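Trainee: Mind looking over this structure? Questions follow.
The values are calculated or read from the model by the stated rules, or taken from the named source; none is laboratory data. Predicted model, so just to flag it, every value in this text is computed and none were measured. For neighbour counting, all protein chains shown are included, and Cβ atoms are generated from backbone atoms with ideal geometry for every residue, glycine included.
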Amino acid sequence: MILDLLKKFTTLWVILFLLALFPIFTAAFDLPFWNDVVMRIMLLGMAAMGLNIVFGFGGMVSFGHAAFMGIGAYCAGISQYYGMDNGWYQLLISMVTCGILGLVIGFLALRTTGIYFIMITLAFAQMLYFFFVSLEQFGGDDGLIMDRSDFIFIDLYEPLRLYYLIFFTLVFVSIVLMLLIRSRFGVILQAIKSNENRVEAMGLNPLKFKITGYVISAVICGVSGCLFASWQEFVSPDIMHWTRSGDLMIIIILGGLTYVAGPLVGAIVFLLLEELLPDLLHVVFPSIAENWMIIFGPLLIAVVLFGKGGLMGVVGNRLTRPAARKDQ
Amino acid sequence: MTATLLLEQVFNGLQAGITLFLIAAGLTLILGIMDFVFLAHGSQVMIGAYAASAVTIATNNFYLGILAAIPITFFCGYLLEWLIIRHLYRRDHMDQVLATFGLILFFNEVIRITFGPAALFSNFPPSLAGFIEILPDTPYPVFRILIILVGLVCAVAIHLFVSRTRVGAMVRAGASNPEMTAALGINIKILFRFIFAAGATFAGLAGMMIGPLTSVEPGMGEPLLILSLVVIIIGGIGSVRGAFIAAIIIGLVDTIGRVMLPMLFRTFMSGPTADTAGPALASMSVYILMAVVLVFKPTGLFPPKGA
C-alpha cells in the first residue's frame, strides 16, 4: 500500500523529500534565515492541506479556518500561561478543542450553502477573533509572549529540532490525508462535491460526511496553530485575522485544489513570493520595493483568469499526455 | 448613564447604519443578481474617500471634492467591471474570492504608492462643523446629521428606482432569476455593468462622507466590507429593503454595544478589563446576531421572491 501511495502522490513525496534535505542546503550556504521561512511554509501549508479537505475535496468554501489555527495557538499559549509546558499535552488539548469547536461550528454552519456558508464561517471566525481580543488576561489585542513548548526528549531550542518536529508532523498529516482521500470517506466527500443529491439518493447522509470532514480539517488546522505558537514564541489574535483565512484559500487555489499536494505547492510559492518579490522589486523599481503586493495582487487575478486548476493543474497538464488530459 | 448619552449613541448608530447601507446596497445587488462574491467593494469606499479628500485638499473646497469624486468612483466601477469582473461571472465562488482578494491588494498598494502610507486628513467646511440641538440641551454634530440625511435620501432614491422604474423592474427580475430575465430579451450585460458602477458610486459616497470623520488610509475599506457583508447576509442577498433594515440594526447594535457593554461590565469587573472586553464583545455581538439569523433563517430575513 505504501508503494501505491508513493506512485500516486509523486509530487507530494518529492516536496517532502526536498524539505527533509533543506537544512543541509541552508547549512552549506550558511542561510539559517531560510530555515525559518521554510518552517512557516510548512506550518501554513499544513493548515491549508487541512482546510483543503473541506475546500477542495468537499467543495465547502470555509472562510474561517484561521480561527482553528488561532484556537490551536491559544491552547498552547494558555496552557503555558498556567504552567503546563508539555507540548504533547498542548497538542492534544488543541486537537480536542478544535475538534469540538469544529463539530459545533460545522453543525450550525452546514445548515447553509453557497455564499451564506462562506459568510457564516467568516462570522464564527470573527466571533472567536473578537473573543480573544477581549481576553485582557491573556494579552487581548497585544497577544501573549510564550516560550517554545516542551516536547519531552525534543529540546526545541536545539538547532533544527523545531524544524524536524514540524517536518515530521507535516509528513504524518500528509500520509493521513493521502489515505483519507482514497478511503471510502474521501470518495464519498468528493462525490458530495460533484452532486450532493445523488449521494443522498444512494442512501447516504451527506451532512454526516460533511461535518466529519469539517472536524478533521479543523483538527489539522489546530495542530498547525499549536506548532505555530512555538515557532513564533508568541500568540495574538492576529493569527486568526480574517485575512489569514483568505491567505489559506489563496494558497490552496494557487497550488491547485484538487490535489493533496496542491496546498503545499501553493504555500511554497505564496511565501517565497512574499520573501522574494520585495528583493526583486528592489533591483528593478527601488521606489516601490515595499509595495510588492502591487505585483502580487494582479498575479492572483492572472492565476484565476488563465490558470485553471492552480499551479499543479497547469504543470500537471503539460506533463501528462494529451490522451490522459481528455478525461480530466 | 443618562438618556442624553443614549440618544447621542442612537444617532451615532443611525449614522453608522446609514453608511453601511450605502456600501451594502450595491454589494447586495452584485451578490444577488450576478451571484458574484465581490470582496473589493471596500476598495471602492477607499477610492471614494481618497478622491474626495485629495480634491478637497487641493482646492480647499469640500463640496468640489464630493462633486469630483462621484464621477471618479462611477468611472472606476465601470472600468473595473469591463476590464476584469465580467470575465469572472461564470467562475465559481472560490475563483471570485481569490481574484477580488487580489484586487484589494492591488488597490491598497496603488493608493499607498500614490498618497503614501500615512492617513490623509481633510476637514469639512466650517459651515458643517457646528452642532444642532436635536433635543433641548442635546447638541449633535451637524456633519453627522448631514450624513444621515444624505443616506436617507439615497435610500429613498434607490427604493423608488428599484420599485417604480422600468430599469428597476429589470433589476428585481434579475435578482430573482437572471437566466429567465436574459431569456426575456433584457440586455443583462449592460444591466450588470450599470448596477456595478452605481454600487461602486454609492460605496464611494459612503467613503467620501465618513472620510472627514475617520482616517482616510490604505485598507480603510476592509473592516467596512466585512460589516456590510454581514448586513447583506442578515438582510437576505439581493434585497435592498433587507439591506436597509439590517444595516440600521447592525449600526445600532455595534455602536450602542460599544458604549453600553463596557459600562455594564464595569459593574462586575475591574475598569481596564471591562474597557477591553466591552468593545470586543460588542464587535462579537454583530457576528453572533448574524449566526443566529442564519441558523434560523438560512437565507436571511428578507430573501428576494423566487430566489
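Trainee: State whether the residues of the stretch B:154-173 include one that is over 21 Å from the mean Cα position of the chain (by Cα), surrounded by 15 or more Cβ atoms within 10 Å (Cβ to Cβ) and not polar (S, T, N, Q).
Mentor: The answer is yes; a qualifying residue exists.
Trainee: In the stretch A:220-260, how many residues are among the hydroxyl-bearing types (Ser, Thr, Tyr) and away from chain B (no Cβ under 12 Å)? Please lay out each step first, then the result.
Mentor: The initial filter retains those residues of the stretch A:220-260 that are among the hydroxyl-bearing types (Ser, Thr, Tyr), namely A:224, A:230, A:236, A:243, A:245, A:258-259.
When the remaining residues are screened for being away from chain B (no Cβ under 12 Å), the result is A:224, A:230, A:236, A:259.
So the count comes out to 4.
Trainee: On to the next question. I need the full set of residues from the stretch A:262-316 which are assigned to a helix (DSSP H, G or I), in contact (Cβ under 8 Å) with a residue 24 or more places away in the chain and either among the polar types (S, T, N, Q) or at positive phi (or both), in order please.
Mentor: If the condition is that a residue be assigned to a helix (DSSP H, G or I), in contact (Cβ under 8 Å) with a residue 24 or more places away in the chain and either among the polar types (S, T, N, Q) or at positive phi (or both), then A:GLY310 is the only one that fits.
Trainee: In the list B:ILE66, B:ILE57, which residue meets the criterion of being over 30 Å from A:GLY59 (Cβ atoms), within 21 Å of the chain's Cα centre (by Cα) and assigned to a helix (DSSP H, G or I)? Let's see the steps before the verdict.
Mentor: Details: B:ILE57 fails: within 21 Å of the chain's Cα centre (by Cα).
Answer to the check: B:ILE66.
Trainee: Output the residues belonging to the stretch A:104-113 that are part of a helix (DSSP H, G or I) and more than 7 Å from chain B (Cβ to nearest Cβ). Walk me through how you get there before you give the answer.
Mentor: First, the residues of the stretch A:104-113 that are part of a helix (DSSP H, G or I): A:104-109.
Hits for the stretch A:104-113 are A:VAL104, A:ILE105, A:GLY106, A:PHE107, A:ALA109.
The rows are residues; the columns are (1) modelled with pLDDT under 80; (2) in contact with a His (Cβ under 9 Å, 6 or more places away or on another chain); (3) not small (Gly, Ala, Ser).
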position	(1), (2), (3)
B:GLY77	no, no, no
B:ILE104	no, no, yes
B:ILE111	no, no, yes
B:LEU135	yes, no, yes
B:ARG164	no, no, yes
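Trainee: Scan the stretch B:111-147 for residues that are surrounded by 18 or more Cβ atoms within 10 Å (Cβ to Cβ), without any contact (Cβ under 8 Å) to a residue 60 or more places away in the chain and at the interface with chain A (Cβ under 7 Å from one of its Cβ atoms) and jot them down.
Mentor: None - no residue of the stretch B:111-147 is surrounded by 18 or more Cβ atoms within 10 Å (Cβ to Cβ), without any contact (Cβ under 8 Å) to a residue 60 or more places away in the chain and at the interface with chain A (Cβ under 7 Å from one of its Cβ atoms), so the list stays empty.
Trainee: From the list B:TYR50, B:TYR63, B:TYR89, which one is aromatic (Phe, Trp, Tyr) and modelled with pLDDT of 90 or more? Spell out how you get there, then give the answer.
Mentor: On the way: B:TYR63 fails: modelled with pLDDT of 90 or more; B:TYR89 fails: modelled with pLDDT of 90 or more.
Selected residue: B:TYR50, the only one of B:TYR50, B:TYR63, B:TYR89 that is aromatic (Phe, Trp, Tyr) and modelled with pLDDT of 90 or more.
Trainee: Could you count how many residues in the stretch B:140-169 are in a strand (DSSP E or B) and touching a Gly at 6+ places or on another chain (Cβ under 9 Å)? Even if it seems obvious, please write down each step before you answer.
Mentor: So in the stretch B:140-169, the residues in a strand (DSSP E or B) come out as B:140-141.
With touching a Gly at 6+ places or on another chain (Cβ under 9 Å) added as a condition, the list becomes B:141.
Of the residues in that region, 1 qualify.
So that you can scan it fast, the table gives a plain yes or no per residue for (1) within 24 Å of B:LEU152 (Cβ to Cβ); (2) in a helix (DSSP H, G or I):
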residue: B:ALA182; (1), (2): no, yes
residue: B:ILE186; (1), (2): no, no
residue: B:LEU191; (1), (2): no, yes
residue: B:PHE202; (1), (2): yes, yes
residue: B:GLY207; (1), (2): yes, yes
residue: B:PRO218; (1), (2): no, no
residue: B:LEU225; (1), (2): yes, yes
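Trainee: Could you please let me know if A:ASP150 is surrounded by 15 or more Cβ atoms within 10 Å (Cβ to Cβ) and of a type in the set (D, E, K, R)?
Mentor: Numbers: surrounded by 15 or more Cβ atoms within 10 Å (Cβ to Cβ): yes; of a type in the set (D, E, K, R): yes.
Spelling it out, A:ASP150 is indeed surrounded by 15 or more Cβ atoms within 10 Å (Cβ to Cβ) and of a type in the set (D, E, K, R).
Trainee: Could you please find all residues in the stretch B:283-295 being within 9 Å of chain A (Cβ to nearest Cβ) and surrounded by fewer than 16 Cβ atoms within 10 Å (Cβ to Cβ)?
Mentor: B:VAL295
Trainee: Now for a different question. Filter the stretch A:8-25 for residues that are more than 24 Å from the chain's Cα centre (by Cα) and either surrounded by 17 or more Cβ atoms within 10 Å (Cβ to Cβ) or of a type outside the set (Val, Ile, Thr) (or both) and give the result. Walk me through how you get there before you give the answer.
Mentor: So the first thing to find is which residues in the stretch A:8-25 are more than 24 Å from the chain's Cα centre (by Cα), and the list is A:24-25.
A:PHE25, the sole residue that qualifies.
Trainee: Could you please give the count of residues in the stretch B:286-307 that are at pLDDT 75 or above and either in a loop (DSSP other than H, G, I, E, B) or within 19 Å of the chain's Cα centre (by Cα) (or both)?
Mentor: As a first pass, look at the stretch B:286-307 and keep what is at pLDDT 75 or above: B:286-303.
In the following step, the residues that additionally are either in a loop (DSSP other than H, G, I, E, B) or within 19 Å of the chain's Cα centre (by Cα) (or both) were identified as B:286-287, B:289-290, B:297-303.
Summing the residues that are at pLDDT 75 or above and either in a loop (DSSP other than H, G, I, E, B) or within 19 Å of the chain's Cα centre (by Cα) (or both) in the stretch B:286-307 gives 11.
Trainee: Also, quick follow-up: Being in a helix (DSSP H, G or I), within 14 Å of another protein chain (Cβ to nearest Cβ) and under 20 Å from the mean Cα position of the chain (by Cα) is true for just one of A:LEU101, A:LEU92. Which residue is that?
Mentor: Numbers: A:LEU92 fails: within 14 Å of another protein chain (Cβ to nearest Cβ).
Exactly one residue qualifies, and that residue is A:LEU101.
Trainee: Could I ask something else about it? Part of a helix (DSSP H, G or I), crowded, with 19+ Cβ neighbours inside 10 Å and modelled with pLDDT under 90: is that true of A:SER79 in this structure? Outline the logic, then answer.
Mentor: Values: part of a helix (DSSP H, G or I): yes; crowded, with 19+ Cβ neighbours inside 10 Å: yes; modelled with pLDDT under 90: yes.
Spelling it out, A:SER79 is indeed part of a helix (DSSP H, G or I), crowded, with 19+ Cβ neighbours inside 10 Å and modelled with pLDDT under 90.
Trainee: Regarding the stretch B:237-256, can at least one residue be identified that is under 30 Å from B:ILE104 (Cβ atoms), at the interface with another protein chain (Cβ under 10 Å from one of its Cβ atoms) and crowded, with 17+ Cβ neighbours inside 10 Å?
Mentor: There is at least one residue in the stretch B:237-256 that is under 30 Å from B:ILE104 (Cβ atoms), at the interface with another protein chain (Cβ under 10 Å from one of its Cβ atoms) and crowded, with 17+ Cβ neighbours inside 10 Å.
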